[in-house]
Amino acid sequence: MEQLVIRLGSHTDQPVHWLVWSGEQNEIIASGELTNASELSTLKDRAGNRPIITLVPGSDVLLKQLVLPAKAARKALAAIPFMLEDEISTDIDSAFFALGHQEGEKQNIAIVQKNKMAQWLGLLKQADLVCNRMIPDTLALPLKQDASEQEGWSMMTLGDDVLVRQGSWQGLQGEAGWVYSAIAHYAKHQESKVLIHCLTEIAIPAIPNVELEPDLAPLPMEVLTRGALSSTFNLLQGQFTPKKSASGAVKQWRLAAILAGVALLITVADKGMQVTQLSQQKETLDAQIKEHFQRAFPETKRIVNVRSQMRKKLQELEGKGGSTSMLVMLSQLSNAFSATKVTPQTLRFDQGRSELRIQAVAANFEALERFKSLAEQQGFQVEQGAINNRDNQVMGSLVIRS
């Protein structure tokens, strides 16, 4: 299997390194360096149908560890941003938290600004490149050990940057002067020497209590590619999870089918009025239609003629062409609602933002989490708000975006 690996910079004017790797032949097919991110579109032919791994600067990703129970509940994992609020310098609402693997009772967490994630993904999207995985470059460096199996650091240069991996979930990346100063500061507080394996030729000044061991590797991008392929971590989680996009034709037919289905339901209700022997069933059906209509269009305070009002709403949807409608979203979420028994109490729809706000009731917190997971599998972005316990049930707010 062939793979395209791209290493982006912190800023768009920084060089972009890339490499095409053959897993079957275990060798480089092609590699190079772009002047800056504006040239990413030139890699479209290189990408072809190959999966893309994107490496991002470790200086933009804060790696933290929290002590949690070995089998931490999802409720505890959801509270991680608030547990780290005092340890990060930015507002937690502007930060994105990605979960790494657990090491015993330690939960690995990567923190990066949402606007930085959006910038990287935006650059790739603008170049028509679809990223499957995103990894901090420091975590793609190899973990090294000496003859006594003592863990050592690995270090190499890539362009003007120096990359250092200090442990399984720890690293440094930045300009040489800053990195060397950080190493010196750390080393002087250690009882034994810090062993650093130099993977590339590095003109590093002598640093007290630091032992350098040459361990020259092939091209820096080959080192990072091998490390990225062996890594299981992916920054693309939650709201940044890659989505399988349906074609425009499929989306149009899907919307038409949903609208046709709703129209058919209204027609059946109308015909039922003419059948006296089914009057009881007609009354039940009318009540259900009004209930679903009220849920779909909560802004409608009074229902006089549900068939006429529904037709008007359908005409409004048809007049807005390809914009996302509340009916489409609710139809696509129907399986998630039925599978988790999550019941919406209130619905609010913002058509301009394609956003559905739900106040929902569930049997427990796990049901809300499962609903969130199923909705995200359908291609939605889901954000959980406040969650409260009430009468042996859980009530929570959800924001669902198309």
Run down Ser323, Ser334 and say which single residue is under 30 Å from the mean Cα position of the chain (by Cα), modelled with pLDDT under 75 and loosely packed, with under 15 Cβ neighbours inside 10 Å. Ser323
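Among the residues that make up region 223-238, is at least one of them in contact with a Gly (Cβ under 6 Å, 6 or more places away or on another chain), under 30 Å from Val399 (Cβ atoms) and either charged (D, E, K, R) or not in a helix (DSSP H, G or I) (or both)? Quick ask: steps written out before the conclusion?
Filtering region 223-238 down to residues in contact with a Gly (Cβ under 6 Å, 6 or more places away or on another chain) leaves 233.
The next check asks that each one be under 30 Å from Val399 (Cβ atoms); those that pass are 233.
Add one more test, that the residue is either charged (D, E, K, R) or not in a helix (DSSP H, G or I) (or both), and what stays is 233.
Checking region 223-238: at least one residue is in contact with a Gly (Cβ under 6 Å, 6 or more places away or on another chain), under 30 Å from Val399 (Cβ atoms) and either charged (D, E, K, R) or not in a helix (DSSP H, G or I) (or both).
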Pairs with Cβ under 6 Å, 6+ apart, first in region 48-61 and under 13 Å from Ser22 (Cα atoms), second acidic (Asp, Glu) and surrounded by fewer than 19 Cβ atoms within 10 Å (Cβ to Cβ): Arg50/Glu2
Go through the residues of region 251-273 one by one and say whether even a single one is within 23 Å of Leu129 (Cβ to Cβ) and modelled with pLDDT under 75. yes
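If I filter region 393-402 for residues that are more than 18 Å from Thr241 (Cβ to Cβ), out of contact with any Asp or Glu (no Cβ under 8 Å at 6 or more places or on another chain) and at pLDDT below 85, do I get at least one hit? Walk me through how you get there before you give the answer.
Of all residues in region 393-402, those more than 18 Å from Thr241 (Cβ to Cβ) come to 393-397.
Narrowing the set further to residues that are out of contact with any Asp or Glu (no Cβ under 8 Å at 6 or more places or on another chain) leaves 393-397.
Narrowing the set further to residues that are at pLDDT below 85 leaves none.
Looking through region 393-402, none of the residues is more than 18 Å from Thr241 (Cβ to Cβ), out of contact with any Asp or Glu (no Cβ under 8 Å at 6 or more places or on another chain) and at pLDDT below 85.
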In region 23-49, what count of residues is obtained for those that are more than 28 Å from Gln113 (Cα to Cα) and surrounded by 14 or more Cβ atoms within 10 Å (Cβ to Cβ)? 4
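Has region 361-375 got at least one residue that is modelled with pLDDT of 80 or more, surrounded by 13 or more Cβ atoms within 10 Å (Cβ to Cβ) and in a strand (DSSP E or B)?
First, pick out the residues of region 361-375 that are modelled with pLDDT of 80 or more: 361-375.
Okay, now just the ones that are also surrounded by 13 or more Cβ atoms within 10 Å (Cβ to Cβ), so 361-375.
From what's left, in a strand (DSSP E or B): 361-362.
For region 361-375, residues modelled with pLDDT of 80 or more, surrounded by 13 or more Cβ atoms within 10 Å (Cβ to Cβ) and in a strand (DSSP E or B): present.
Which of the residues belonging to region 1-41 are in a helix (DSSP H, G or I) and either farther than 27 Å from Gly174 by Cβ or free of Cβ contacts under 8 Å to residues at least 40 places away in the same chain (or both)?
Narrowing region 1-41 to residues in a helix (DSSP H, G or I): 37-41.
Those that are in a helix (DSSP H, G or I) and either farther than 27 Å from Gly174 by Cβ or free of Cβ contacts under 8 Å to residues at least 40 places away in the same chain (or both): Ser38, Glu39, Ser41.
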Is region 138-155 home to any residue that is buried (at least 20 other Cβ atoms within 10 Å of the Cβ) and among the aromatic types (Phe, Trp, Tyr)? yes
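Can you tell me which residue is farthest from Gln113 (Cα to Cα) among those in region 11-22 that are in contact with a strand residue (DSSP E or B) (Cβ under 8 Å, 6 or more places away or on another chain) and surrounded by fewer than 18 Cβ atoms within 10 Å (Cβ to Cβ)?
Filtering region 11-22 down to residues in contact with a strand residue (DSSP E or B) (Cβ under 8 Å, 6 or more places away or on another chain) leaves 15-22.
In the following step, the residues that additionally are surrounded by fewer than 18 Cβ atoms within 10 Å (Cβ to Cβ) were identified as 15, 22.
Numbers: Pro15: 21, Ser22: 33 Å.
It comes out as Ser22.
The values are calculated or read from the model by the stated rules, or taken from the named source; none is laboratory data. Small disclaimer: the values here were computed from a predicted structure and weren't measured. We place every Cβ from the backbone using ideal geometry, glycine too, and count neighbours over all the protein chains shown.
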